[in-house]
Structure formats: structure tokens, C-alpha cells
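Quick notes on the structure that follows.
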Amino acid sequence: MPDLPLFPTALVGSFPQPEWLIDRAKLAGRFPPRVRARELWRPAPEHLARAQDDATLLAIREQEDAGLDIVSDGEIRRESYSNHFATALVGLDLDNPGEALDRSGHPNPVPRVVGPISRPKPVQIDDLRFLREHTSRTIKITVPGPFTMSQQAQDDYYGNPEELANAYADAVNTEVHDLFAAGADIVQLDEPYLQARPEPAREYGVKALNRALAGVVGTTAVHLCFGYAAIIHERPSGYSFLPELAECTCDQISIETAQSNLDTSALAHLTGKTIMLGVIDLSDPAVEAVETVVERVRRALPFVAPEKVVIATDCGMKYLPWESAVGKMRAMAGAARALRAEFAG
């Protein structure tokens, strides 16, 4: 991976998709889809791929112009963070979906597992190559984690939740290996359901994560959050599942602290891990002052060494207005410059 400055900056995952690409009112009016939701896209099917490329280029340029050090594709081609990958797997009946409770407690249509889960071919390699082709900066791509996907499915085949998570882990593992081989600098696994379902997470969640990362050579991250701020409004001041990730083989752990005002002493349990520190509140479209972001970073520094901090958003910015997202990225970059000047001295 290319050398990064002190306090590098990055998005956790998504960047807002433009209104001309996706129906943002429909997107905001429902829970994130677990099965395909093609009705959200505005372009005709024959024009969709080109439109997604164009929007991805805009997302890349906005990140570069804002001064981010680590650039993603903004997850522009995805209807949700998880269904882009999850619905590409074999062993699922997507035409007759099942049902599972979302982390909000509401039922949501989900893939129905009817056979052995496998990944017949790479899912996100073309996305990764497009990103690599269009930026010279450090690049990151995200994949839904195995525990979360197992919680977002109806199991009509395995009959054992740990076996289901392990099957997803094997599919993720092959994808992660291929992504690094294709030029990824960082691969992030999104695992919000570790926080939402802490008891089964303690039983087999970290084991599934480590299985997904087995044999991987490259910088890996795991993202935990309390859910999209546009959907899950209440935030506790502490994670129900965080110290357990000290046993994960990943290099980085992504957490949110801004909206929740997280008690950052919890980070002391994660010695040796780089912390992707969420310091941008996504529940409020107002752009934070640089000084506000700096102070949010400072809250973590008694427990995390400066060289182990990545300045990031709390979660994905998918539901924010475009202008707010741009402003918040610039605030992150400004905070990084201020902190670098201070600690370099």
C-alpha cells in the first residue's frame, strides 16, 4: 500500500448518488434493500452501466478535490451496501425471497438460502479496476461481511446459523483475495450486525470474520456502526460489541463516534489496531467546522496513538445531500491538515 500521511482521511463507504441516477425519494422512503431493487434506478437498463460509470467518476473527483487520502468508488453502483454482493451469490432464491427482521425490528424481504452458498465468479473486480484506473491515490473497496449477510437472509438449507455464516465467509474470502490481486490497497468488510446482534456475534461472528480473512495479504478493515443515521436515529454511547474485535485478524477497525458521542475509552481494548475514527455526524446535513472535527479526533487520542488514526465519516454518506457530503469531506481534510501541523511540530 502507498505511504500515507499522518491522520489520513477516508470515507467509510458510500457517497451520495445523484438524483439523475437514482430516485432518492424512493431510496429514503424504504429500508435498505437486501434483494434487488431495480426500480430505484432512473436510467433505462441499456444506459444504466454508463450512467453509473459517470456518477462514479464524479464521486472519485469529489473525494480527490476535497483532499481525501484514501479514495473509494463511493458504492455508486449499489442499491445498498450489501445487496450488490449478496445477490450475486449462488444458492439463493431471489425470485421468491424470504423475510428477516432488520436491525430496526421491521421485517424486510431477504435472499432465501435454498442450497450451498458459493461465489461462481468475481463480483466487484470490474468496480475495483475502474477505481484503480481513475485515481492514483490509495484505494479502498468494501464488501459486506459474512455475519451481517447471514443475518440478512432466510436460511432454508443449512439449519445452523454458524454454518450459514461460514458459507458466506468462504464466498467473501475468495472475493477479498481477488480484489487484492486486482490492485486494491484496502479491503473493508462491513459488519454492522455485529453491533445489532451481539449475542450470536460473540458466539461465531469473529470466527466467521477470521475465516473470511484467512490467507489474505493486504490491509483489511472491519466496519461497525449503529446503522444509517437517516434510518436508525437513536445512538447509545457505547458499542455492544467492540472489544471482541481485538481477536479479529483485520488491520483496521472502523467505528462511529460523532453522532453517538461514543465513550472513546472503549478503544483502549483494541491495542495494535488502526482505528478508522468516525468523526462526521451524518444525522445532520450541516457541515461541521474544522475545529469541531479536530476536537472529535482529540477525544480518541488518549486511547489511540496518532499514527493509528484514520479520520473518517461515521458511516456511509448515501443519504446526505451531495453538497453536504462534499463540505463534510473538506472539513475532514482540513482537520487532518491542522492535526498534522500540530503533531509534526
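Observations on the structure shown:
- Estimated [θ] at 222 nm from DSSP helical runs (n ≥ 4, -39500 (n - 2.57)) normalised by residues in the chain, nearest 500: -9500 deg cm²/dmol
- For the residues PRO43, PRO16, PRO306, a GNM of the chain with alpha-carbon springs under 10 Å puts the largest fluctuation on PRO43.
- Dipole magnitude for segment 78-188: about 460 debye, using +1 per Lys or Arg Cβ and -1 per Asp or Glu Cβ, origin at the Cα centre.
- The chain, relative contact order [Cα under 8 Å, separation at least 6], %: 20 percent
- Cα centroids of segment 112-182 and segment 195-211: 16 Å apart.
- Dipole in debye (nearest 20) - segment 134-285, about Cα centre, beta carbon charges: Lys, Arg +1; Asp, Glu -1: 380 debye
- Top positive-direction residue, dipole computed over the chain with Cβ charges, set VAL206, PHE343, ALA184: PHE343
- Annotation note: trypsin sites (Lys or Arg not before Pro) in segment 125-218 located in DSSP loop regions with a Cβ neighbour count of at most 10 within 10 Å are absent.
- Spin-label pair SER118-THR174: with each label point 7 Å from Cα along the Cα-Cβ axis, the two points sit 0.6 nm from one another.
- Net lengthening on full extension, GLU199/ALA25 (0.36 nm per residue, minus Cα-Cα): 59.2 nm
- Segment 36-120: equivalent-ellipsoid semi-axes (sqrt of 5 x gyration tensor eigenvalues, Cα, Å): 29, 16, 14
- ASP95/ASN210 FRET efficiency (R0 45 Å; Cβ-Cβ; nearest 0.05): 0.85
- Between GLU247 and ALA305, the simple spin-label model (points 7 angstrom out along Cα→Cβ) gives 2.6 nm.
- The label point for ASP156 and the one for ASP54, both projected 7 Å from the Cα toward the Cβ, are 4.0 nm apart.
- Checking the Cα-Cα distances for LYS140/LYS207; LYS121/LYS207; LYS140/LYS318; LYS207/LYS308; LYS140/LYS308; LYS121/LYS273 against a 26 Å cut-off, the pairs over it are LYS121/LYS273.
- For segment 1-149, the fraction of alpha-carbon pairs in successive 10 Å shells from zero, as %: 10, 36, 35, 17, 2
- Inter-part distance where segment 311-329 and segment 24-79 are each reduced to a Cα centre, Å: 14 Å
- Net charge dipole size for segment 42-92 [Lys, Arg +1 and Asp, Glu -1 on Cβ; Debye, nearest 20]: 260 debye
- Charge dipole (the chain, unit charges on Cβ, about Cα centre) - positive-most of VAL290, GLY215, THR148: VAL290
- Hydrodynamic radius of the chain per Kirkwood, over alpha carbon pairs, in Å: 20.0 Å
Rule-based calculations on the coordinates, nothing more; no lab input. All figures in this text were calculated on a predicted structure; none of them were measured in a lab. All Cβ positions, glycine included, derive from the backbone under ideal geometry; neighbour counts span all protein chains shown.
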